[in-house]
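Have a look at the structure below, then the notes.
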Amino acid sequence: MMPPDYFDGVSAPRRALGGAALPSPRQVSVEVHSFKRAASASYTVLAMSWGQFVDHDITLTAQSKGAGGRSIACCTEEVAHNKSLRHPECFPIPLSASDPLYKGLNSSCLEFTRSAAAPKCKFGAREQLNQQTSYLDGSAVYGTTPEAAVELRAMKKGLLKTQVPLDGLQFLPPSLDPLDGCNTQEKLKYNQSCFLAGDPRVNEQILLTSLHTIMVRQHNTLAIQLKDINPSWQDEQLFQEARKILVAQLQHITYQEYVPSVLGPRFMRHLHLSPKTDGQYTRDYDPHLSASIANEFAAAAYRFGHSQIQGLVQQIDGARKNVNFAQLSSTTFNPFSLYVDGTMASYVRGETSQKAAAVDTYFSPQVTGQLFRGKAKTGIDLVSVNIQRGRDHGVPSYTRARMACGLPRVQNFTDLAAEMDAGALAKIAAVYSHVEDIDLYTGGLAERPIEDGLVGPTFACILADQFLRLKKGDRFWYETSEEPQAFSKDQLAEIHKFSLARLLCDNVPELLSIQRWPLRVFATGNPRLPCSSLSIPKLDIDLWEEYPL
């Protein structure tokens, strides 16, 4: 959206207005993003999980590596005593000696390496490399290369590989790599592996793993149904058609249910982002519009979802009477409880019942110091990482982003009084020396949300721009009328009726009821319905029957 902002115009991370160092991201995290319990009035934890799944379908930033592909160590004692040993791609997060969490580490910094620079074969500012396809195309399910797809496919009847460890239910295939960052020797002894999917982050947290599982089950259900009505179809045709339908369902749910929740109705209407109805086609593909991912989106605005994370993950039993909670940090890179009968269903009931945290500057301590800690006493501070990643990528300041979005110019902190939560603004003014120093991530989260949306106007502008380009820059968008990729009008009408509620009901058989709009909390206007309800329409697969010519 904007030219990158580097101190030297090429690669050196941004500095404060007067040339001094910006405040440490950890200082900003501690002083601005400390915890205050506040739940969303309207949205469930599933809104956070779905947003993460979408994110992993469209973004995966390549990281700088050392010799042999090893991780780069930036904060070792050896490097601390001899800065000349520090790798040029190190960009560590400075720590205060009095840091409330990390002061016992005996380290002056938190590990952080820069994202790999993308080769452009020309002079200019540093850019980053997206390893995912930017299109919302199910690459988190199917992978991004033919080789990855082959590894995930069963290569018969159009199916994806699964394992069936209990009660005939399909689970993701096992990851056989003992060094995948998730598998442990202890679990491998008992034939319990982490999982394999189209995106390597599948095991990052258990609600995300569950969504990956649901998507694979949905693909296989579609492939089986297509084979039933078209017995002459072979593996390749079954796989590609099931994939085409699943990607259409992913796109439809995202733009029918998720994006409106984030942006509110005004942006949806103004930019014509809402799906059509009843099998109507769109004709707004623009070959000159790039669907590539903006740094302002990937390294700042779309990370608003981290604010929605609850520190405790809820599980609810089948009778909806017993409720258990697990600390978020205990569910990261620890998907093994899914091998226990009924566990995945209990998490799905939990995330469709539990309120997400409010989108604001306040984060759970599980996010600001305990994430991915494993058996250690402390983990990473995701807020610090987000701020540092923005600086690494040359993301311009909050005030520059506002100007790019056509919002009123800000010249001092008091100009933001009408835009931001008063408590957050006071903390921001105490940390940053000048209003133009504010990091986009911190400033965007502090804004009051737009009407019926989750984020403030600056983030809404950035998110709307990206979701517009993802739709109108995609020649294979599910509502296209262009041949040969177009669905028939009747087929498209079926996809237009499909919903997230139906996706969950069809692929979590222990789930007997769900609210009509699962991203929103159970309420009078959003009642919990039995999965058999006609108000949650099923896909009529018979419309895909191929008749002999």
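All of the numbers you see were taken from the coordinates with simple rules; none came from a lab. Remember, it's a predicted structure, so these values are computed and weren't measured experimentally. Here the Cβ positions follow ideal geometry from the backbone for every residue, glycine too, while neighbour counts run over all protein chains shown.
With just the Cα atoms defining each centre, how far is the stretch 6-39 from the stretch 437-489? Give it in Å. The distance from the Cα centre of the stretch 6-39 to that of the stretch 437-489 comes to 26 Å. The distance separating the Cα centre of the stretch 511-547 from that of the stretch 195-250 comes to 19 Å. Assign one of three labels to the stretch 56-119, namely rounded, prolate or oblate, based on the Cα gyration tensor with a ≥ b ≥ c the square roots of its eigenvalues; rounded applies when a/c is under 1.5, prolate when it is not and a/b is larger than b/c, and oblate otherwise. Taking the square roots of the gyration eigenvalues as a ≥ b ≥ c, the stretch 56-119 is oblate.
Hey, what angle do you get for helix 235-253 against the long axis of the chain, alpha-carbon based, 0 to 90 degrees rounded to 10? Roughly 60 degrees, rounded to the nearest 10.
Under 5 Å between amide hydrogens, built in the peptide plane, is the criterion, and for R153 it picks out K161 among residues at least 5 positions away or on other chains. The HN-Hα couplings worked out from phi for the stretch 118-131 by the Karplus form 6.51 cos²θ - 1.76 cosθ + 1.60 (θ = phi - 60°) are 7, x, 10, 6, 7, 6, x, 5, 4, 10, 10, 10, 8, 8 Hz, whole numbers, x standing for Gly and Pro.
Between the amide H of S40 and those of A356, A357, A358, distances stay under 5 Å, these residues lying 5 or more places away or on another chain, with hydrogens modeled in the peptide plane. Each residue of the stretch 159-167 was assigned a 3J(HN,Hα) from its phi angle through the Karplus expression (A = 6.51, B = -1.76, C = 1.60, θ = phi - 60°), giving 8, 8, 5, 9, 10, 10, x, 7, 6 Hz with x at Gly and Pro. Note the angle between two axes, namely the Cα long axis of helix 382-392 and the longest principal axis of the Cα atoms of the chain, as a number of degrees from 0 to 90, rounded to the nearest 10. Value to nearest ten degrees: 70.
Using the Cβ of T113 as centre and a radius below 15 Å, the other residues enclosed give a net charge of +4, where K and R count +1 and D and E count -1. In the chain, a dipole from Cβ-located charges (positive for Lys and Arg, negative for Asp and Glu) runs towards its positive end, and of I438, L382, S108 it is S108 whose Cα lies farthest in that direction. Taking the dipole about the Cα centre of the stretch 431-549, with the C-beta of Lys and Arg at +1 and of Asp and Glu at -1, give me whichever of I536, G456, S513 is farthest to the positive side. The listed residue farthest towards the positive side: S513. Within the shell defined by Cβ-Cβ distances under 14 Å, the residues around V340 carry a net charge of -3, with Lys and Arg each +1 and Asp and Glu each -1. Select from H81, Y339, L263 the residue farthest towards the positive end of the dipole of the chain; place +1 on Cβ of Lys and Arg, -1 on Cβ of Asp and Glu, and compute about the Cα centre. The residue sitting farthest along the positive end of the dipole is H81.
If you filter the stretch 356-421 for trypsin sites (Lys or Arg not before Pro), then keep DSSP loop positions with at most 11 other Cβ within 10 Å, what is left?
K375, K377, R409
Around D360, under 13 Å between beta carbons, what's the net of Lys plus Arg minus Asp minus Glu among the other residues?
+2
Normalised Debye scattering of the stretch 273-400 at q = 0.12, 0.16 Å⁻¹ gives log10 I(q)/I(0) of -0.70, -0.97, counting only Cα atoms as equal scatterers and leaving out solvent. Per-residue extension of 0.36 nm, minus the Cα-Cα distance of A80 and N412, leaves a gain of 115.8 nm for this segment.
Divide the volume of the convex hull around the Cα atoms of the chain by the residue count and you get 168 Å³ per residue. Anisotropy class assigned to the stretch 207-356 is oblate, per the alpha carbon gyration tensor with a/c at or over the 1.5 cut-off and a/b no larger than b/c. Please state the shape class of the stretch 369-452: rounded when a/c is under 1.5, otherwise prolate if a/b exceeds b/c and oblate if not, all from the C-alpha gyration tensor. Prolate, since a/c reaches 1.5 and a/b exceeds b/c. What the phi angles of the stretch 539-545 give under the Karplus curve with 6.51, -1.76 and 1.60, with θ = phi - 60°, is a coupling list of 7, 7, 5, 4, 5, 9, 5 Hz, glycine and proline written as x.
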